[in-house]
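Down below is the structure, laid out as structure tokens.
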Amino acid sequence: MSEINTLAAFYAFSGGALWLLGSLVFIGFDKVNIQANRWLGAFYCIMACAFTQLFLEGFGIGGGFLIHLLELPRWAMLPCLYMAVTYYTSPSLPKKDWLIHFVPFLLFLLFSLVYLMPIMFNAQSHLPALPSWIGFIVRYFFFGQMVYYWIVCFVLLRRHQKNVKMIASFTEKINMEWLKYLLISVLVLILIRILSISNIHVTYYSPILYFLGIILLAYSTLTQKSIYAIETYQPEEKYGTAPKKVLNERLTLEQVEELKHIIMRKTVGEKLYLDPSLTLSVLSAKIGISTHELSYVLNNGVGKSFYQFINELRTEEAKTLLLSEDTRHLDMLGVAIRAGFNSKTTFYTTFKKATNLTPKEYIKANSAAS
């Protein structure tokens, strides 16, 4: 019994860590991502309720009413995570349909207030047997909800990471890689919960496994970066790319070729790609066309995203700089900045992808050839 209690104590550690993390995030340790962090803080606080409940049950502390109160907000947990990810990935878009995600929680709350709690207040009463279908929903709906919302959150993140390459030539500060690791940490917790149902060994060690997963979760959260101000590329259809038929009616093949030559002439001829802060809207303004037309011509006429187009031009500039006598005094970061990159990471990644060589290997290979 003492060994079981020792393991159950990890539920207390997990619950305490989540209460602290949720309070810290909700209050706002990051003054930029405020709305998103409030939803994320609510997600952590509800998760803390779940682990507090497991701790009390493990040690036989508290009555049924307290346990039920801690369990009550559980169906709102994953919708809170969804709302947080929504605000992180698209903070400027309206969230008109947010309440619909909390309908199951509100129904369960209403069911509890009308049916369960009055019986719990009466010590002489016992909960009557519920219909089997209600028991099934209460028992298994949460698992389906966890899986569904995790998938939706991951899709939102991947869409955001794809979107930033449509509008920006730099991604380190806006691709929210930390959020990917946060979602992976949540997935680990979900898998532990699912496996603990069928595997007795996972069930036995689940308090420790949960605690380790929450450490990863806390690290991912506390290393988050602010959402930097950048325009959002909005296709003509609200939640997808505009139909090609509509775009083809606007731009003929001849117009696409003509705009392609203008884009290349302005971007390459005036070396606009050397601006590290160049974005889709900035380039479209310099060329004199809309962002949708520029994006369409790049994707269909050049066959590249904005990110690929600009960074490949910067790579060609970097090749020249690396072999130039005038820039031999520069280190790799200096070459990267001179070529228009705003970070060494993007420079190395793009250069290696384009040439299959690192910048130093490129210098060595061309020095040997000459």
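Things to note:
- HIS329 passes every criterion in (1) part of a loop (DSSP other than H, G, I, E, B); (2) within 26 Å of the chain's Cα centre (by Cα) apart from (2).
- Some residue of the stretch 311-329 being among the β-branched types (Val, Ile, Thr), over 20 Å from PHE170 (Cα atoms), out of contact with any Gly (no Cβ under 7 Å at 6 or more places or on another chain) and at pLDDT 90 or above: yes
- Residues that are among the polar types (S, T, N, Q) and over 22 Å from ALA339 (Cβ atoms) were ranked within the stretch 293-316; the one that is surrounded by the fewest Cβ atoms within 10 Å (Cβ to Cβ) is ASN300.
- Unique match (being at pLDDT 85 or above and hydrophobic (A, V, I, L, M, F, W, C)) among PHE59, PHE29, PHE55, PHE65: PHE55
- Which numbered condition PHE351 misses (of (1) of a type outside the set (Val, Ile, Thr); (2) farther than 16 Å from PHE170 by Cα; (3) surrounded by 14 or more Cβ atoms within 10 Å (Cβ to Cβ)): (2)
- From SER367, SER343, residue being polar (S, T, N, Q), surrounded by fewer than 17 Cβ atoms within 10 Å (Cβ to Cβ) and more than 36 Å from the chain's Cα centre (by Cα): SER367
- In the stretch 38-49 there is at least one residue matching the filter, namely being closer than 19 Å to LYS180 by Cα and among the basic types (Lys, Arg).
- Boolean, ILE46 is assigned by TED's automatic domain parsing to the domain that holds ALA218, crowded, with 18+ Cβ neighbours inside 10 Å and of a type in the set (Val, Ile, Thr): yes
The values are calculated or read from the model by the stated rules, or taken from the named source; none is laboratory data. As the structure is a computational prediction, the values presented were derived from the model and not from experiment. Note that we place each Cβ from the backbone using ideal geometry, even for glycine, and neighbour counts take in every protein chain shown.
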